[in-house]
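S.K.: Below is a structure I'd like to ask you about.
The values are calculated or read from the model by the stated rules, or taken from the named source; none is laboratory data. Source: prediction; values computed, not measured. Every residue, glycine as well, gets a Cβ built from its backbone with ideal geometry; the counts of neighbours run over all protein chains shown. When the accessible area is computed, the model is the full protein with side chains, heavy atoms only, and any ligands, DNA or RNA have been set aside. Shrake-Rupley method; radii C 1.70, N 1.55, O 1.52, S 1.80 Å.
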Amino acid sequence: MTKAAKPKRRPRIRAFGVFRLLFLLVIYGASLGAAGIYLAVRTVNQELPSDLGQLLDYQPNRKSVVLSSDGEEIGAFSIENRRIVPLDRMPPHVPAAFLSAEDRRFYKHGGFDLLGITRAAWTNFRSDGDIKQGGSTITQQIIKQTLLAGEEQIGALDMTPEEYVKERKVQKYRRKMKELILSVRLERELTKAEILSIYLNHIYLGHGAYGVGAAAETYFGKEVEDLTVAEAAMLAGLVASPTKYAPHRNMLLARERQRYVLGHMKEDHYISDAEFQAALAEPIALVDESDLNHLASPYFVEHVRQLATKKYGNRDLFKGGLKFYSTLDLGMQAAAEGALRKGLESLDRRLGFRGPIGAVAQTGRGAWTGGPAHPISGANDDTSALADQLLSDQTYGAMVVELPKSGTGVIVDLGPRRLPLAELDARDVRAWRSEKLPTKQLQLGDLLPVRLIVDAKGADGKPTNPARDPALVKEVALAQRPVLQGSLIAMEPSTGRVVAMVGGYDWTASQFDRATQAKRQVGSSIKPFIYAAGIEAGHTPVDHFVDGPYSVQTATGTWTPANYDNRYMGNVTLMTALAFSLNTISVQLSVQVGLDRIIEIMRGFGITSPIPRHISISLGTPDLTPLEVATGYAGIASGGRRITPRFFDLVTDTTGTAVDDLRDLPPGPQVISPEVAYVVTHLMKGVVQRGTARWALQLGRPAAGKTGTSANYRDVWFNGFTSDLLVSVWIGRDDSTPIGDKITGGGVAVPIWVDFMQKAHPRTPVRDFPTPANVTFARVEPWGGDPSGPSPDSVLMPFVRGTLPRNFLSGYPIRAFEDLHAAPTVPSPNVPKVCNSLRCL
């Protein structure tokens, strides 16, 4: 009997074998993954800088600033508006706000937060290529904004849209890997405090502000040390999106983001619940956006920028954090701007009303009445801006609402208020007729530019505010924008320090600097240089010339210049000729001394513009900038030395080390002798005492100067100085058309000069110009120039030693110096208007 066959046993896969296989697969997979990561890191690391010196020695772009002579910041030059603030100067809640907003585990990670990166990577992978969620730590953000700036920029010219999106994703993750590597390296090199300090000074916070120092000033107008918890939280909230959460743009969104940051700060135990509630309730006061780009003395600051660019280059100027200690005096600058604006507006008023600046349609007049005010801005008298209150120093558009048939009154509507126009202005406005349509006159609905007339002081004697007390404003004045322009330069004649400079009526309307860039015909302002050449050649103030028709043969024919109004004075002395600006005498002197010496003197004083070698320069045909003219006069006022205008005394770098120190420069070369300069200065004193600039006597100090009026009244000048201060004033039109009939330097420029000097002249003792050696004095009769005794009508006249005329040698005997050099008298400020056969003084 055969045995039954045993059934075959099925092979069993042991559970242990499966686990072992899985374990080996995991080990091999992890090893392979680690090898892949190592290879990727090694490959990427080869593309990274081996030296982190850019961050280890952190030197960001810093703005250069210009300071006034009393230490106030008046301007800045920068690509990035940044102010470096050490971490230990910041209140604790400032860095705490940024940590809670951007990196709550900052003190726990070693450069990157793996959980945050994983979460962000998955979210962004599913996006269209844009970062939807950020997982970067503060360390990574620093790396991205410094060492890897511009890393993701790619060209898309040869890609389809799908390929471009894919390549962007690849670049983002490649950059992310570089961030991780560099972040770990940076954490090994720097402390947490150093990293946090770099971050808080580098991060962009919108509105052109880089770092918390610049942001605190930009948004709140304060130093970092003064930031509150609420303000710090609002700044920290800007990091996520500086534009979206900018409080100037959307305060509601900014507040929401602020609450988010404050909530994290409370959770992180940086602030208490009470501090949290107080911060939420705290009102946020922002700096007026119009003040963000305000520039004090803009023409002056812009000229400093041009000088600095030539000397130091754009890189150091815009990135190097230079500090310019300028020569500008803010008080004098304010006086200069006010005097020039007042003078231009006064002259514009004399030239007449030019017509309405616009009109309100019949359908819109109801909305205008009772609505907001319309401040005028820009160069085109735009009235589209709105304001909820009226200010005394602002010009507004006002709609004509009443034109009474009886009388000359005009009632205008400013929106919040309805007021009458000042009587004289109303008369001019009612008399206006259009040049194009003589029948057209002022109508209802026309817009006029006006300014409030405010009682300077209330009943209690204190300054008033029209916005708070409208009853103090009872009428308005016409305030049309002048079509004329002007410049004013104030300079210390002995040093060349420019203490004030205005280059136009309104910087916002025109940035062209007429003080340094406009080349204008100087007219009679050139005559002191001609007289200096004459005195140097041996002429004296009492030499006689005949003022009458005088002809000169030139290459183009016979040239016969004439005086103002074609009137002549006959036999006159040089001192009278300069005092009354007689053209024929200037031409005769130029012929005698030669044009070459006159040009040589002007070049010696620093005038570089082209000067034609033609006899017509004796009447001021050269086109020079006001700064050149002022510099030339400073040379005469300083005793004949060349003076270089100076706009800053000292330049330092970020460490305070002097880059340029101009405070102790040696004096310039001698152009004319001190005695010649003194005699010319004395002749220019005659211009003030009895000539074309007699209005300047109101200053009450010994002053010298010369008026100037170019051909056809296109330019008017006055360049005048005392022992302490020189001021040059120019007025004209940008298109060089005539200003108006009979508009002269003595009638227009001198009053502006006086207005400025009365407000801004240093409060020094009243003193005359210092007398140099080699000068002889004699009393003379002021009109005839004959020797005179010590009578009230005589004047004490200086002569270069050795040039005293013979008839003076046997004249009145000299017993004491007091007989020769009388103490200067202080003129009465009430100087009457005097006219002679030539002109009004």
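S.K.: Calculated FRET efficiency, Arg259 and Thr191, Cβ-Cβ r, R0 25 Å, to nearest 0.05?
M.R.: The formula returns an efficiency of 0.20 here.
S.K.: I'd like the accessible area for Leu437, computed on protein heavy atoms only with a 1.4 Å probe and all protein chains in place. Round to 10 Å², please.
M.R.: 100
S.K.: If you place +1 on the Cβ of every Lys and Arg, -1 on the Cβ of every Asp and Glu, and leave all else neutral, what size is the dipole of the stretch 303-384 about its Cα centre, to the nearest 20 Debye?
M.R.: That gives the stretch 303-384 a dipole magnitude of about 340 debye.
S.K.: Report the gain in length on full extension from Asp793 to Ser392: 0.36 nm times residue separation, minus Cα-Cα distance, nm rounded to one decimal.
M.R.: 139.5 nm
S.K.: While we're here: Taking Cα centroids, how far is the stretch 478-515 from the stretch 175-200 in Å?
M.R.: Here the answer is 51 Å between Cα centres.
S.K.: Kindly write out, for the stretch 576-581 in residue order, the coupling ³J(HN,Hα) from the Karplus curve 6.51 cos²θ - 1.76 cosθ + 1.60 (θ = phi - 60°), rounded to whole Hz, with x marking Gly and Pro.
M.R.: 6, 4, 6, 4, 10, 6
S.K.: Next question, about the same structure. So how far apart, in nm, are the two label points at Leu665 and Ser551 if each is 7 Å from Cα heading toward Cβ?
M.R.: Once both label points are built, they end up 4.9 nm from each other.
S.K.: Moving on to the next point. Using the structure shown, select from Lys108/Lys169; Lys169/Lys266; Lys311/Lys706; Lys144/Lys192 the pairs with a Cα to Cα distance greater than 25 angstrom.
M.R.: The answer is Lys108/Lys169; Lys169/Lys266; Lys311/Lys706.
S.K.: Another one. Quick one: which residues, 5+ away or cross-chain, put their amide H under 5 Å from the amide H of Arg641? H built at 1.01 Å from N.
M.R.: Val671
S.K.: Which of Ser434, Ser346, Gly358 sits farthest toward the positive end of the charge dipole of the stretch 315-465, with +1 on the Cβ of Lys and Arg and -1 on the Cβ of Asp and Glu?
M.R.: Ser434
S.K.: Full-extension gain between Lys311 and Tyr564, please, as 0.36 nm times their residue separation minus the C-alpha to C-alpha distance.
M.R.: 86.6 nm
S.K.: Any aspartates and glutamates with Cα under 12 Å of the Lys222 Cα? List them, leaving off those in the same chain fewer than 8 positions away.
M.R.: Qualifying aspartates and glutamates at Cα under 12 Å: Glu231.
S.K.: Also, I was wondering about something else. In whole Hz, what ³J(HN,Hα) sequence does the stretch 696-706 give by Karplus (6.51, -1.76, 1.60; θ = phi - 60°), x for Gly and Pro?
M.R.: Whole-Hz 3J(HN,Hα) from phi for the stretch 696-706: 5, 4, 4, 5, x, 9, x, 9, 10, x, 8.
S.K.: Further question on the same structure: Need the full-extension length gain, Thr657 to Glu282, defined as separation in residues times 0.36 nm minus the C-alpha distance. One decimal, nm.
M.R.: So the extension gain works out to 130.8 nm.
S.K.: Here's a follow-up. Working with all protein chains in place, sort Phe318, Phe648 by solvent-accessible area computed with a 1.4 Å probe, largest first.
M.R.: If we order Phe318, Phe648 from most to least accessible, we get Phe318, Phe648.
S.K.: Okay, next question. Whole-Hz Karplus ³J(HN,Hα) for the stretch 776-789, in order, using 6.51 cos²θ - 1.76 cosθ + 1.60 and θ = phi - 60°, x for Gly and Pro?
M.R.: Those phi angles translate into 10, 10, 8, 7, 9, 6, x, 8, x, x, 7, x, 9, x Hz.
S.K.: 7 Å from Cα along Cα→Cβ at both Thr764 and Glu402: what's the point-to-point distance in nm?
M.R.: 5.6
S.K.: Moving on. How high is the FRET efficiency between Glu275 and Leu24 when r is their beta carbon distance and R₀ equals 56 Å, given to the nearest 0.05?
M.R.: 0.45
S.K.: Follow-up question, since we're still on this one. Tell me which residues come under 5 Å, amide H to amide H, from Gly320 once H is placed; ignore anything under 5 positions away on its chain.
M.R.: Arg62
S.K.: Let me ask something else. So the label point goes 7 Å from the Cα of Arg105 along Cα→C-beta, right? Which residues of the stretch 239-278 then have their backbone N under 18 Å from it?
M.R.: 264-265, 267-269
S.K.: Something else: Please work out the C-alpha center-to-center distance from the stretch 243-277 to the stretch 532-601 and express it in whole Å.
M.R.: 78
S.K.: Under 12 Å from a point 7 Å along the Cα-to-Cβ line of Ala711: which residues of the stretch 511-550 have their amide N that close?
M.R.: 521-523
S.K.: Arrange the residues Ile731, Ile181 by how much accessible surface each exposes, largest first, with a 1.4 angstrom probe.
M.R.: My answer, sorted largest first, is Ile181, Ile731.
S.K.: If you count only protein heavy atoms with a 1.4 Å probe, what accessible area per residue comes out for the stretch 595-639, rounded to a whole Å²?
M.R.: Per residue, the stretch 595-639 has 29 Å² of solvent-accessible surface.
S.K.: How do Trp559, Trp695 rank by accessible surface area computed with a 1.4 Å probe, from largest to smallest?
M.R.: Largest accessible area first, the residues go Trp695, Trp559.
S.K.: Rank-order 399-406, 448-455 by packing density, defined as the average count of other C-beta atoms within 10 Å over each peptide's residues, highest first.
M.R.: In decreasing order of mean packing, 399-406, 448-455 become 448-455, 399-406.
S.K.: Say each of Ser384 and Glu72 gets a label point 7 Å from the Cα, pointing the same way as Cα to Cβ; how far apart are those two points in nm?
M.R.: Here the answer is 3.3 nm between the modelled labels.
S.K.: Separate question: In terms of the Cα gyration tensor, with a ≥ b ≥ c the square roots of its eigenvalues, is the stretch 270-404 rounded because a/c is under 1.5, prolate because a/b exceeds b/c, or oblate?
M.R.: Oblate shape, in that a/c is at least 1.5 and b/c is the bigger or equal ratio.
S.K.: List the trypsin sites (Lys or Arg not before Pro) within the stretch 311-381 that DSSP assigns to loop and that have no more than 15 neighbouring Cβ atoms inside 10 Å.
M.R.: Counting only loop positions with at most 15 other Cβ atoms within 10 Å, the trypsin sites (Lys or Arg not before Pro) in the stretch 311-381 are Arg354.
S.K.: For Glu167 and Thr118, what is the calculated FRET efficiency with R₀ set at 30 Å and r taken between the beta-carbons, to the nearest 0.05?
M.R.: Step by step, r from the Cβ atoms, then E = 0.85.
S.K.: Can you give me the C-alpha center-to-center distance between the stretch 605-680 and the stretch 697-740, rounded to a whole angstrom?
M.R.: Answer, in whole Å: 18.
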